[in-house]
Ligand SMILES: [Fe+2]
């Protein structure tokens, strides 16, 4: 199981110590939200970089504010997505317990809305501290030893959530033989629906770029398996969509937190999964960013 935050039941929500008074008083109807759920709609986030200190900034950005803004965007969607996927680097820098505590607080309103949240790990996360901070999640064993992987099945696609965290606060990522073997077997036994693979690190055949060390092995595995239609990742803090000669779409998610170059978009991506493809729309935190609202209409390879 990946790091999965199940939706709060109303009772659980009210018990949580980090419930804000504003939400307790909001009178929000959980059941109304369920009625407006779109099973083919997904919110894709990456690189939240939440610190323990709510006031901390990096590159002039308050990351907690950015995540709170994204949560507000999700709250006002006309239809709630089937789930929220966060592609790693949840924590600020070294995956401290306090980082995950604040992240839990910031995500609380989404869980109150019964939005399933699936978090994967990046190079600024710490697997053990995350598990401890979200203690009850350790009930879900991962099918790969020392990694957090999962298949998330939905109406039109299967998501394969991978774990490329090799060493906390060390830039490159690594999947490893065990995880690749698991992925091959999992893809082979789930061929009836399109597959989307999500991992934190970007694919790169050059180790010096700080990407996925075993990129070639991963590409060799997914290219011939025609059910794999898209590969989603973060890490570079860049929004970009490219299509491989094999027809696989490579979707680089923007950061929720800070960008590395001024003017680049920070935000999230709405994914509407269709029968033969997926339409992505970039939602920027700064709605005046020229890229805000950009759409990528992707067709699945045959
Ligand atoms: Fe990052």
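Please work out if residue 261 is over 28 Å from residue 148 (Cβ atoms) and either at pLDDT below 95 or within 16 Å of the ligand (Cβ to nearest atom) (or both).
yes
Of (1) closer than 27 Å to residue 38 by Cα; (2) touching a helix residue (DSSP H, G or I) at 6+ places or on another chain (Cβ under 7 Å), residue 273 satisfies all except one. Which?
Single failed check for residue 273: (2).
Take residue 102 and tell me if it is surrounded by 19 or more Cβ atoms within 10 Å (Cβ to Cβ), closer than 24 Å to residue 256 by Cα and either under 15 Å from the mean Cα position of the chain (by Cα) or modelled with pLDDT under 95 (or both).
no
Among the residues of region 43-60, is there at least one that is closer than 27 Å to residue 239 by Cβ, within 16 Å of the ligand (Cβ to nearest atom), part of a helix (DSSP H, G or I) and modelled with pLDDT of 95 or more?
No, every residue in region 43-60 fails to be closer than 27 Å to residue 239 by Cβ, within 16 Å of the ligand (Cβ to nearest atom), part of a helix (DSSP H, G or I) and modelled with pLDDT of 95 or more.
For (1) under 19 Å from the mean Cα position of the chain (by Cα); (2) at positive phi; (3) in a loop (DSSP other than H, G, I, E, B); (4) surrounded by fewer than 22 Cβ atoms within 10 Å (Cβ to Cβ), each residue gets a yes or a no:
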site: 258; (1), (2), (3), (4): yes, no, yes, yes
site: 262; (1), (2), (3), (4): no, no, yes, yes
site: 269; (1), (2), (3), (4): yes, no, no, no
site: 272; (1), (2), (3), (4): yes, no, no, yes
site: 281; (1), (2), (3), (4): yes, no, no, yes
site: 288; (1), (2), (3), (4): no, no, yes, yes
site: 291; (1), (2), (3), (4): no, no, yes, yes
site: 297; (1), (2), (3), (4): no, no, no, yes
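For residues in region 113-123 being within 16 Å of the ligand (Cβ to nearest atom) and in contact with a helix residue (DSSP H, G or I) (Cβ under 9 Å, 6 or more places away or on another chain), which is nearest to residue 156 (Cα to Cα)? Full working, then the answer.
In the first step, residues of region 113-123 are kept if they are within 16 Å of the ligand (Cβ to nearest atom); the result is 119-123.
Subset that is in contact with a helix residue (DSSP H, G or I) (Cβ under 9 Å, 6 or more places away or on another chain): 119, 121.
Details: 119: 20, 121: 25 Å.
For region 113-123, the residue satisfying everything is 119.
Can you pull out the residues in region 84-102 that are more than 22 Å from residue 152 (Cα to Cα), within 16 Å of the ligand (Cβ to nearest atom) and not in a loop (DSSP other than H, G, I, E, B)?
Scanning region 84-102 gives 91, 99, 100.
Listed here are the residues, each with its yes/no results for (1) more than 18 Å from the chain's Cα centre (by Cα); (2) assigned to a loop (DSSP other than H, G, I, E, B).
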| position | (1), (2) |
| --- | --- |
| 143 | yes, yes |
| 151 | no, no |
| 160 | no, no |
| 164 | no, yes |
| 175 | no, yes |
| 182 | yes, no |
| 185 | yes, no |
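For region 195-236, name all the residues that are outside any loop (DSSP other than H, G, I, E, B) and surrounded by fewer than 17 Cβ atoms within 10 Å (Cβ to Cβ).
Within region 195-236, 207, 208, 209, 216, 217, 220 meet the criteria.
Would you point out the residue of region 237-256, among those that are in a loop (DSSP other than H, G, I, E, B) and under 20 Å from residue 74 (Cβ atoms), that is farthest from the ligand (Cβ to nearest atom)?
Residues of region 237-256 that are in a loop (DSSP other than H, G, I, E, B), as a first pass: 237-239, 244-248, 253-256.
Keeping just the survivors that are under 20 Å from residue 74 (Cβ atoms) gives 239, 253-256.
Working: 239: 13, 253: 10, 254: 11, 255: 6, 256: 10 Å.
Among residues in region 237-256 that are in a loop (DSSP other than H, G, I, E, B) and under 20 Å from residue 74 (Cβ atoms), the one farthest from the ligand (Cβ to nearest atom) is 239.
Hey, any hits in region 67-74 for a residue that's without any contact (Cβ under 8 Å) to a residue 12 or more places away in the chain, out of contact with any strand residue (DSSP E or B) (no Cβ under 6 Å at 6 or more places or on another chain), away from the ligand (no atom under 16 Å from the Cβ) and farther than 29 Å from residue 274 by Cβ?
no
For the list (1) closer than 27 Å to residue 227 by Cβ; (2) more than 13 Å from the chain's Cα centre (by Cα); (3) away from the ligand (no atom under 16 Å from the Cβ); (4) buried (at least 18 other Cβ atoms within 10 Å of the Cβ), I need the number of the one condition that residue 110 fails.
Of (1) closer than 27 Å to residue 227 by Cβ; (2) more than 13 Å from the chain's Cα centre (by Cα); (3) away from the ligand (no atom under 16 Å from the Cβ); (4) buried (at least 18 other Cβ atoms within 10 Å of the Cβ), only one is false for residue 110: (1).
The values are calculated or read from the model by the stated rules, or taken from the named source; none is laboratory data. Predicted, not measured: the structure shown is a model, and the values here were computed from it. Every residue, glycine as well, gets a Cβ built from its backbone with ideal geometry; the counts of neighbours run over all protein chains shown.
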